[in-house]
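Read through the structure below, which is laid out as structure tokens, and then see the notes.
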Amino acid sequence: MKDVGVIGAGAAGLIAAGRAAERGHNVFVFEKNNIAGRKIRITGKGRCNITNACDEDYLIPNIPGNGKFLYSSFNTFSNKDVMNFFISMGLKIKVERGERVFPESDSAKDVVDALMKYASMHNVKFFFNKAVEEIISKDGHITGVRLSDGTIKKLDAVIIATGGISYPGTGSTGDGHKMAKSLGHTITDLKPSLVPMITKESWVKDLQGLSLKNIAIKVLDKKKNVIYSDFGEMMFTHFGVTGPVILSASRHILKYEYKNVFLSIDLKPALSEEKLDNRIQRDFNKYIRKQYKNSLTDLLPNLLIPVIIDLSNIPPEKPVNQITKDERKRLVTLLKNLTCGITGSRSFDEAIVTAGGVSVKQINAMTMESKLVKGLYFAGEIIDLDAYTGGFNLTIAFSTGYTAGNSV
């Protein structure tokens, strides 16, 4: 039996604490917030996308940030194990579009309650409003932690589960990175991921608040090579674009540092250019006595019409029956390739996850133990691991957390 300290009462920390205690250790959780799971409570707009119910073979491909490092931990605790765990804690779950798994109640608080139930069942001791200032080691072994009030707690092992630096208002402010670095660990560059993107064109601001469903996007480099493509929902904002397909796209742009990358939006992906042209001709015939600016109401949302008219370079007052075939072709091309330049991303305040963190080269993939300091373990977003949207990032947190707690 060992005295084990867990720093952070988020997804990774709670399941790590519960598992370590279940195995008979004395476990102490130190959380600088006054409640557990502050970030969990706001994920998925308060619904909490717990995991993804995809076949396990699809997990790694959805984790572009060092996914192969997770083979062992997923073998220990997979997405299916995550689902079964919550069911065993009395949480009813449901599977939605894209195999996303949510609590049946649509309440993220119920997810936190299930994790706290697991920890309480095994007598985990919690210390809220207690920040850890320093992890103490001697001769390459963990010996304890020093708290913000100066108290030193002797420990045999420590699991750092402090998260990244996204949504800093929830307490993810990089404390764990500083502790890891002080013990000799390398912290790879930290970048906001799954984050809204900033666009160059002024017309985007005119579309603020417009949400588009069932659209297709492509992200292109300067040579017009496709970096990423997706289908789903997006929204225009005062600074650029956001929404599920945009957040996923942002992960692919990281290595390009938002330089010379472009977003192409297909507003009508279900129609080929020929079929779209036929559709436009039908609308033009319907509104044959109207001006061009009044002929697109059946085809596009009202907010989008003035922008499309301006970008098409067809005079707004031109009678529909005078629009040429070339002008119509130009309109079709525009609707299938509405393009804007991507110049950057929003900050960590709006990023769902942090890309970068403690180098996986310095962590044992089978145990989550540091290769540099005995008795030191890592779990969750503090590690240089990140995934796409759809429940994959929380799956990483639960899997690495459980593995760490299982290995102490």
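The values are calculated or read from the model by the stated rules, or taken from the named source; none is laboratory data. These figures come from a predicted structure and were not determined experimentally. No Cβ is skipped: glycine too gets one built from the backbone with ideal geometry, and neighbour counts run over all protein chains shown.
Here are the numbers:
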quantity: Some residue of region 118-130 being at pLDDT below 95, within 17 Å of A11 (Cβ to Cβ) and either out of contact with any Gly (no Cβ under 9 Å at 6 or more places or on another chain) or in a strand (DSSP E or B) (or both); calculated: no
quantity: Qualifying positions in region 202-241 - acidic (D, E) and in contact with a Gly (Cβ under 7 Å, 6 or more places away or on another chain); calculated: E233
quantity: Count - residues of region 152-165 that are more than 25 Å from D386 (Cα to Cα) and modelled with pLDDT under 95; calculated: 0
quantity: Answer from G18, G90, G44, G67 - the residue that is in the same structural domain as I159 (by TED's automatic domain parsing), crowded, with 17+ Cβ neighbours inside 10 Å and more than 15 Å from N393 (Cβ to Cβ); calculated: G18
quantity: Pair list, Cβ < 9 Å and 6+ apart or interchain, from region 150-167 residues that are at positive phi and without any contact (Cβ under 8 Å) to a residue 40 or more places away in the chain to residues that are in a loop (DSSP other than H, G, I, E, B) and of a type in the set (D, E, K, R); calculated: none
quantity: Failed item, numbered, when A365 is tested on (1) small (G, A, S); (2) crowded, with 18+ Cβ neighbours inside 10 Å; (3) more than 28 Å from V307 (Cβ to Cβ); calculated: (2)
quantity: Among (1) in contact (Cβ under 8 Å) with a residue 40 or more places away in the chain; (2) farther than 25 Å from K2 by Cα; (3) polar (S, T, N, Q); (4) surrounded by fewer than 19 Cβ atoms within 10 Å (Cβ to Cβ) - the single one S105 does not satisfy; calculated: (1)
quantity: Only one of V112, V124 that is touching a Cys at 6+ places or on another chain (Cβ under 9 Å), under 30 Å from M1 (Cβ atoms) and either crowded, with 20+ Cβ neighbours inside 10 Å or assigned by TED's automatic domain parsing to the domain that holds F398 (or both); calculated: V112
quantity: Yes/no for T395 being out of contact with any strand residue (DSSP E or B) (no Cβ under 8 Å at 6 or more places or on another chain) and either of a type in the set (S, T, Y) or buried (at least 17 other Cβ atoms within 10 Å of the Cβ) (or both); calculated: no
quantity: Filter result (of a type in the set (S, T, Y), touching a helix residue (DSSP H, G or I) at 6+ places or on another chain (Cβ under 6 Å) and under 24 Å from H238 (Cα atoms)) within region 273-321; calculated: S312
quantity: Pairs where the first residue, in region 1-21, is within 21 Å of T143 (Cβ to Cβ) and the second is of a type in the set (S, T, N, Q) and buried (at least 24 other Cβ atoms within 10 Å of the Cβ), C-beta under 7 Å, 6+ apart; calculated: I7/T162; G8/T162
quantity: Among (1) surrounded by fewer than 18 Cβ atoms within 10 Å (Cβ to Cβ); (2) closer than 24 Å to S211 by Cα; (3) β-branched (V, I, T); (4) in contact (Cβ under 8 Å) with a residue 24 or more places away in the chain - the single one I308 does not satisfy; calculated: (1)
quantity: Filter pass, N321 being of a type outside the set (K, R), over 26 Å from L207 (Cβ atoms) and out of contact with any Ser or Thr (no Cβ under 7 Å at 6 or more places or on another chain); calculated: yes
quantity: Scan of region 352-401 for residues that are in a helix (DSSP H, G or I) and farther than 20 Å from P168 by Cα, ordered by number; calculated: V360, K361, Q362, F392, T395, F398, S399, T400, G401
quantity: Those residues of region 77-98 which are among the small types (G, A, S) and not in a helix (DSSP H, G or I), in sequence order; calculated: S78, G90
quantity: Residue among T162, T143, T151 that alone is of a type in the set (S, T, Y) and surrounded by fewer than 13 Cβ atoms within 10 Å (Cβ to Cβ); calculated: T151
quantity: Residue match in region 55-62 (condition: hydrophobic (A, V, I, L, M, F, W, C) and in contact with a Ser or Thr (Cβ under 8 Å, 6 or more places away or on another chain)); calculated: yes
quantity: Hey, A53 within 17 Å of F102 (Cα to Cα), touching a residue at least 40 places away in the same chain (Cβ under 8 Å), touching an Asp or Glu at 6+ places or on another chain (Cβ under 8 Å) and of a type in the set (G, A, S) or not; calculated: yes
